[in-house]
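Below you'll find the structure, written out as structure tokens, and then a few comments.
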Amino acid sequence: MKKILYVTDALNLHLENLEFAGYISGLAKSKLLAIFLENNEFEGRTDTMIKAAAANAGLNVTEEPVSLKQHTCDTNIQRFKTACENKGIECAVHRDRGNPLAEMILESRYADLLLLNVNTSFTANIEGTPSDFVKDVMNRAECPVVIMPSSFDGITELVFTYDGKPSSVHAIKQFTYLFPQFNEMKTVVISINPEEVSHEERYKFREWMHAHYNYLDFLSTEGNVKMGLVELLYDREKSFVVMGAYGRSMISGFFRPSHADPVIKVINQAVFIAHH
């Protein structure tokens, strides 16, 4: 068994990801542990946003904002438990009331995998995709992270991104050790500018891959890494994409953004990220 965390804003529950989360917890033969982030330390969202969240949870919005927020969080936890019961997903709940990012880093230290909705946010500001909170979690989490697809109809292929760097190899290994059941699935390895990796490294990598996966295909292209990844991933369906792009040396906005960002923006596939 493994410890799989389903991360959600307690005020804004996204149940559209639950089908995928149940699939992953079922693969791992594990209970799905939902982390409800209540963000009571500093609530930056407006009263109007809290009322909108309460209305989405089916509540009367005439309460005062503080009590309305608490009522909404309580209701969303029950909604989650009911949805899991209806789908046959065994679940449990942690209520984390402090700073959401700090709470998640601590939770990740004692977890095998985090499942994240790409738009999870605790700010009143309009944000891009992925949100700043999600970027921070992907950068600082102490276990692998999966960005969940908004809809799910099964997985028919694995897509590994490989550039010869330790972060990409580490991500592939982490995924393989977490999900050995995928060894019989169609597996595609995508490389951009593969000639930048030595012949010896490419040989050793292929040897390792063949030891773990039975149906392998290797694709490569030349040019811009970000655009190449997007082009090779864009039309794929029912894929599980594995990247090591959030290594600590790559995340700083002062140097260069992560190659995972444009991928997450344009494809609706599950994306597994593990930094080295």
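The values are calculated or read from the model by the stated rules, or taken from the named source; none is laboratory data. Bear in mind that the values here come from a model prediction, so they are computed numbers and not experimental data. All Cβ positions, glycine included, derive from the backbone under ideal geometry; neighbour counts span all protein chains shown. Heads up: the accessible areas ignore ligands, DNA and RNA and are worked out on the full protein's heavy atoms, side chains in. Shrake-Rupley method; radii C 1.70, N 1.55, O 1.52, S 1.80 Å.
Just need a number here: residues in region 172-191 that are farther than 16 Å from Ala270 by Cβ and open to solvent by 20 Å² or more (accessible area, probe 1.4 Å).
Of the residues in region 172-191, 5 are farther than 16 Å from Ala270 by Cβ and open to solvent by 20 Å² or more (accessible area, probe 1.4 Å).
Within the set of pairs 6 or more residues apart or between chains, which connect a residue that is farther than 16 Å from Leu13 by Cα inside region 110-127 to a residue that is basic (Lys, Arg) with Cβ atoms less than 6 Å apart?
Close Cβ pairs (under 6 Å, with a partner that is basic (Lys, Arg)) amount to Ala111/Lys3; Asp112/Lys2; Asp112/Lys3; Ala124/Arg45.
Counting only residues that are modelled with pLDDT of 95 or more, of a type outside the set (Gly, Ala, Ser) and over 13 Å from the mean Cα position of the chain (by Cα), which one in region 105-124 is nearest to Phe36 (Cα to Cα)?
So the residue we want is Glu107.
Given the conditions (1) closer than 21 Å to Thr187 by Cβ; (2) in contact with a His (Cβ under 6 Å, 6 or more places away or on another chain), and given that Asn117 satisfies all but one, which numbered condition is not satisfied?
(1)
Do we find that Val263 is surrounded by 16 or more Cβ atoms within 10 Å (Cβ to Cβ), under 19 Å from Ser167 (Cα atoms) and modelled with pLDDT of 90 or more in this structure?
No.
Being at pLDDT below 85 and buried (at least 21 other Cβ atoms within 10 Å of the Cβ) is the filter here; which residues of region 125-162 pass it?
Hit for region 125-162 is Pro130, nothing else.
Which residues, taken from region 24-56, are modelled with pLDDT under 95 and of a type in the set (A, V, I, L, M, F, W, C)?
Listed by number, the residues that qualify are Leu27, Ala28, Phe42, Met49, Ile50, Ala52, Ala53, Ala54, Ala55.
When the residues of region 204-221 are narrowed to those that are outside any helix (DSSP H, G or I) and touching a strand residue (DSSP E or B) at 6+ places or on another chain (Cβ under 7 Å), which ends up least open to solvent (accessible area, probe 1.4 Å)? Even if it seems obvious, please write down each step before you answer.
Pass one, region 204-221, residues outside any helix (DSSP H, G or I): 213-221.
With the extra rule that they be touching a strand residue (DSSP E or B) at 6+ places or on another chain (Cβ under 7 Å), the set shrinks to 213, 215-221.
Values: Tyr213: 4, Tyr215: 128, Leu216: 41, Asp217: 72, Phe218: 52, Leu219: 55, Ser220: 74, Thr221: 46 Å².
The extreme case among them is Tyr213.
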